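> For reference, the structure I am asking about is given below.
The values are calculated or read from the model by the stated rules, or taken from the named source; none is laboratory data. For clarity, every value in this text was computed on a predicted model and none was experimentally measured. Positions of Cβ are generated from backbone atoms using ideal geometry, with glycine treated the same way; all protein chains shown enter the neighbour counts.
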Amino acid sequence: MTANTEETWQSFDELIRKIKSYDEALGVLYWDLRTGAPRKGVERRSEAIGALSAEMFKLSVSERMGELLAALEEPRAQESLSPVQRKLVAETRKEYDRSVKIPPKLYEEYVVLTSQAESVWEEAKANNDYKRFQPYLDRIIGYTGQFIDLWGVRGTRYDTLLDQYEPGMTTAELDRVFGGLREQLVPLASAIAESPHQPDERFCGSRSTRTPRKRSVCLF
């Protein structure tokens, strides 16, 4: 690795480490929000999470990050990097190109919303109260729609989201895969249901099999 490339890599590595440090701190805040934070403190804690997330986001899409990526993508620099380093540069570039299209303020609003929404969801789920959570879900969907428009639609709107979790995957390919499985699994399930050879389930209602024992078996 040339001296110039090594210096560039060190700067890139330091920036990545700084971003990861923010991410570690956010992980602690998220954990506290979910486990120990008072309910009345959810809104304030969510705002703190949003502020830190915005700062981390700004680092990830900063002009400095763009400059370092461009330098490390030069052919001579690429030849000096290890396979792992080249992969990190490529993945960081992909994330950079996607994230740089999102205004930091919009991202911060989204993070605050999702932090608050998770706490509301916990209460709504416990009380079987969908209407309590619905306004938050509607807003989350709205923000996601804005992100898709900024990223640019790839094939379908869901393809744009799917690529973040399964790179290269499309809804058309998923339809083909699961469609093929359905053609084989549906007849198989029907054949099993109609077969005269069925499992003996009488033990499930036996008085000798007491509820605590059933529970221990299920949790094994």
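> Within the range 40-64, how many residues are part of a helix (DSSP H, G or I), over 16 Å from ALA25 (Cβ atoms) and either touching a Ser or Thr at 6+ places or on another chain (Cβ under 8 Å) or of a type in the set (D, E, K, R) (or both)?
Adding up the residues that qualify gives 6.
> Turning to a different aspect of this structure: Give me the pairs: first residue in the range 1-26 and closer than 17 Å to SER62 by Cβ and without any contact (Cβ under 8 Å) to a residue 60 or more places away in the chain, second residue in a loop (DSSP other than H, G, I, E, B) and not basic (Lys, Arg), beta-carbon distance under 9 Å, and six or more apart or on different chains, which are they?
Short answer, once both residue conditions are applied: LEU15/SER62.
> Can I ask one more? Would you check if there is a residue in the range 77-89 being surrounded by fewer than 16 Cβ atoms within 10 Å (Cβ to Cβ), at negative phi and under 23 Å from the mean Cα position of the chain (by Cα)?
yes
> Output yes when any residue across the range 21-36 is closer than 25 Å to ALA90 by Cβ and acidic (Asp, Glu), and no when none is.
Yes - at least one qualifying residue is present in the range 21-36.
> Tell me yes or no: at least one residue of the range 92-109 is within 17 Å of the chain's Cα centre (by Cα) and over 18 Å from SER60 (Cα atoms).
Among the residues of the range 92-109, not one is within 17 Å of the chain's Cα centre (by Cα) and over 18 Å from SER60 (Cα atoms), which makes the answer no.
> Next question. Could you pull out every one of the helices (runs of 4 or more DSSP H) wholly within the range 105-220 that has 1 or more residues that are polar (S, T, N, Q), under 25 Å from ARG44 (Cβ atoms) and at pLDDT 95 or above?
In the range 105-220, the matching helices (runs of 4 or more DSSP H) lie at 130-151.
> Here is a follow-up. In the set ASP13, ASP23, ASP32, which member is assigned to a helix (DSSP H, G or I), in contact with a helix residue (DSSP H, G or I) (Cβ under 8 Å, 6 or more places away or on another chain) and at pLDDT 90 or above?
The unique qualifying residue is ASP23.
> Quick check on my filter: what residues within the range 123-160 are under 22 Å from ARG39 (Cβ atoms), under 19 Å from the mean Cα position of the chain (by Cα) and among the hydrophobic types (A, V, I, L, M, F, W, C)?
Selection gives LEU137, ILE140.
> What about ALA54, is it within 22 Å of the chain's Cα centre (by Cα) and either surrounded by fewer than 16 Cβ atoms within 10 Å (Cβ to Cβ) or farther than 26 Å from GLY152 by Cβ (or both)?
Details: within 22 Å of the chain's Cα centre (by Cα): yes; either surrounded by fewer than 16 Cβ atoms within 10 Å (Cβ to Cβ) or farther than 26 Å from GLY152 by Cβ (or both): no.
Answer is no for this residue.
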